[in-house]
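Working notes, structure below.
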Amino acid sequence: MRSILWRKFKDRSALVVITVLAFLPALPLFHILYGIFRLGLPAFSWNFFTHLPTPPGEPDGGVGNAIVGTLMLSMLASVLAIPVGILSGVYLSEYARGRFGEVVRVAADVLQGVPSIVLGIVGYLWLVRPMGHFSALSGAVALSLMMLPVIVRSTEEILRMLPYTLREASLSLGVNYWRTVIKVLIPTGLVGITTGILVALSRIMGETAPLLFTAFGNPFWNFNPLQPVDALPLTVFKYAISPYQDWIRQAWGASAVLTLMVLGLNLISRILARRLSGDGK
Amino acid sequence: MGNKETIVDPRGPIIFDIRNLWAYYGEKPAVKGVTCKIPEKRVTAIMGPSGCGKTTFIRCLNRLHELSPGARVEGEIFLRGKNILEIDPVVVRRRVGMVFQKPNPFPTMTIYDNVLAGYKLLGIRLRREEADRLVEEALRKAALWDEVKDSLHKRGTYLSGGQQQRLCIARALAVKPEVLLMDEPTSALDPKSTAKIEELVVELKKTVTIVIVTHNIAQAGRVSDYAAFFYLGELVEFGPTSQLFTVPRDKRTEEFLKGKFG
């Protein structure tokens with residue numbers, strides 16, 4: 001009798017411990033979000049979003065150029081990474097047989113593990129040095145290298161999940177394999193592939209290290225991809241280590257903008273993923 | 001190997017003339033030296049216990065078999081006198097359509113687009129009236145028109161299993177194939193849907209040759225004009241269904257029909 005009570009007690013305690021531990025990872029996140037929004041939201045104003053930075057002490061400075069820069073970098077990186085990523089994913093899922101496929105797969109995994117600052121150096125070597133100056137493009141190349149493995153592997157996973165009968169349905173109508181991929185497999189897996197892209201995007205948006213020697217930062221408006229450009233993480237970095245109250249306040253504001261962007265992307269990919277599992281029935 | 005007297009050539013026009021067909025997965029043969037003739041505009045049932053090579057056999061007839069990794073085919077399959085193993089598989093599959101075990105409509109497409117998939121996926125443009133006509137014709141042939149004519153622009157996956165399977169039949173018929181291969185088309189369906197598909201099969205043979213794989217002996221008896229019995233990759237017996245069911249020439253056929261294995 002006592003042993004049954006003892007077992008019940010152990011069972012209960014295990015449940016409590018697991019529940020507490022499960023909540024633990026969420027705790028720092030909530031703390032961070034609370035801190036960022038408490039200190040960051042007061043910095044929000046029309047000027048904050050639309051103005052250029054001002055020297056310390058001068059009022060009405062903003063991070064408009066950094067927001068434009070982050071959007072530009074994300075877009076350029078996407079343009080570079082999405083087509084290559086999807087096609088490699090298709091190759092791995094549909095065509096890769098034997099050794100070469102394995103090499104590509106391992107390469108993607110290794111690339112995913114390369115520290116982001118190293119990718120920044122790669123962008124520097126590939127573009128900044130030959131061009132002789134920093135540029136948004138070189139930053140986007142570094143960021144696209146970060147996006148690439150995520151898109152490749154998620155596309156591969158999604159396509160592999162699609163039932164083989166779907167391919168057979170198309171092939172048996174006399175459609176060749178490539179058209180089957182383009183017209184049947186990619187549209188069917190589109191929600192999942194898009195989710196992978198959004199995850200990749202939200203990963204790179206907050207990156208500072210790859211931009212340090214590539215996009216470099218720029219306190220003025222720039223819409224030319226061949227010129228240096230500012231980005232929100234760079235602004236945060238620059239302002240947060242400065243001694244000026246005003247700049248530090250704006251660093252919090254920029255962090256909040258960045259966090260909201262990434263949270264938004266995450267939310268969209270969540271919703272899409274839910275739709276995906278709904279369609280999978 | 002099947003003894004010659006047990007393989008009876010059908011009367012009337014022949015659509016497939018299969019000679020010494022071997023199909024392999026890697027080193028392992030799944031179909032072993034099959035020789036037979038398939039009659040035009042008749043229903044031919046392929047029977048046999050699980051793993052006897054019947055599915056592999058019909059997948060050779062539209063060259064779907066060779067898509068499996070390590071798959072290989074030897075022998076000759078003449079479709080109206082032309083060896084399909086020497087024609088582009090894409091062309092073969094336009095002429096020899098297929099319906100699968102599990103209904104597999106394209107989940108991203110509407111019912112309408114599913115029927116026209118054989119055109120749309122190939123980028124063939126149809127005039128509106130022509131497309132409408134093709135869809136109605138195919139759905140009528142598949143005995144699905146009355147049930148879906150008001151929901152043509154809903155997703156195909158909203159239909160019930162049996163309706164989905166008829167949609168797949170309509171999709172295959174829309175490209176006007178000469179032969180329709182059916183790989184256990186009712187094994188995933190309830191009895192009522194099964195009966196509908198069986199009726200349909202009998203109806204369809206007026207316009208198209210049907211080769212149907214089934215492990216349901218009764219079904220083969222109900223729908224087919226000719227029947228083939230496969231065992232361990234060999235074609236044991238082939239002949240008119242009435243004859244094969246009443247006076248089987250091979251002992252293994254007899255035992256299979258009596259339900260001793262399978």
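The values are calculated or read from the model by the stated rules, or taken from the named source; none is laboratory data. As the structure is a prediction and not an experimental result, all values here were calculated from the model. Here Cβ is always computed from backbone atoms with ideal geometry, including for glycine, and neighbour counts include all displayed protein chains.
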Exercise. Looking at B:GLU66, is it modelled with pLDDT of 95 or more and either buried (at least 21 other Cβ atoms within 10 Å of the Cβ) or not hydroxyl-bearing (Ser, Thr, Tyr) (or both)?
Worked result: no
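Matching residues to (1) of a type outside the set (Phe, Trp, Tyr); (2) under 24 Å from B:THR186 (Cβ atoms):
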site	(1), (2)
B:THR6	yes, no
B:ILE18	yes, no
B:TYR24	no, no
B:LYS32	yes, no
B:THR44	yes, yes
B:GLU66	yes, no
B:ARG72	yes, no
B:GLU76	yes, no
Exercise. Quick one: in region B:85-103, which of the residues that are within 22 Å of B:ILE169 (Cβ to Cβ) and of a type in the set (A, V, I, L, M) is surrounded by the fewest Cβ atoms within 10 Å (Cβ to Cβ)?
Worked result: B:VAL91
Problem set entry | Number of the exception - B:THR110 against (1) touching a residue at least 12 places away in the same chain (Cβ under 8 Å); (2) within 14 Å of chain A (Cβ to nearest Cβ); (3) farther than 17 Å from A:VAL181 by Cα; (4) under 22 Å from the mean Cα position of the chain (by Cα) | (4)
Exercise. So, of the residues in region A:156-180 that are of a type outside the set (Lys, Arg), more than 7 Å from chain B (Cβ to nearest Cβ) and touching a Leu at 6+ places or on another chain (Cβ under 8 Å), which turns out to be surrounded by the fewest Cβ atoms within 10 Å (Cβ to Cβ)?
Worked result: A:TYR177
Exercise. Does B:SER151 count as within 18 Å of B:ASP113 (Cβ to Cβ), more than 11 Å from every other protein chain (Cβ to nearest Cβ) and among the polar types (S, T, N, Q)?
Worked result: yes
Exercise. What number goes with the only condition from (1) of a type outside the set (Phe, Trp, Tyr); (2) more than 24 Å from A:ALA96 (Cα to Cα); (3) outside any helix (DSSP H, G or I); (4) within 14 Å of another protein chain (Cβ to nearest Cβ) that B:THR55 does not pass?
Worked result: (3)
Problem set entry | Hits in region B:163-206 - residues which are assigned to a loop (DSSP other than H, G, I, E, B) and among the hydroxyl-bearing types (Ser, Thr, Tyr) | B:THR186, B:SER187
Problem set entry | helices (runs of 4 or more DSSP H) wholly inside region A:1-110 containing at least 2 residues that are under 27 Å from the mean Cα position of the chain (by Cα) and either surrounded by 14 or more Cβ atoms within 10 Å (Cβ to Cβ) or acidic (Asp, Glu) (or both) | A:26-40, A:64-90
Exercise. Hey, among A:LEU71, A:LEU76, which residue is out of contact with any strand residue (DSSP E or B) (no Cβ under 9 Å at 6 or more places or on another chain) and in contact (Cβ under 8 Å) with a residue 40 or more places away in the chain?
Worked result: A:LEU76
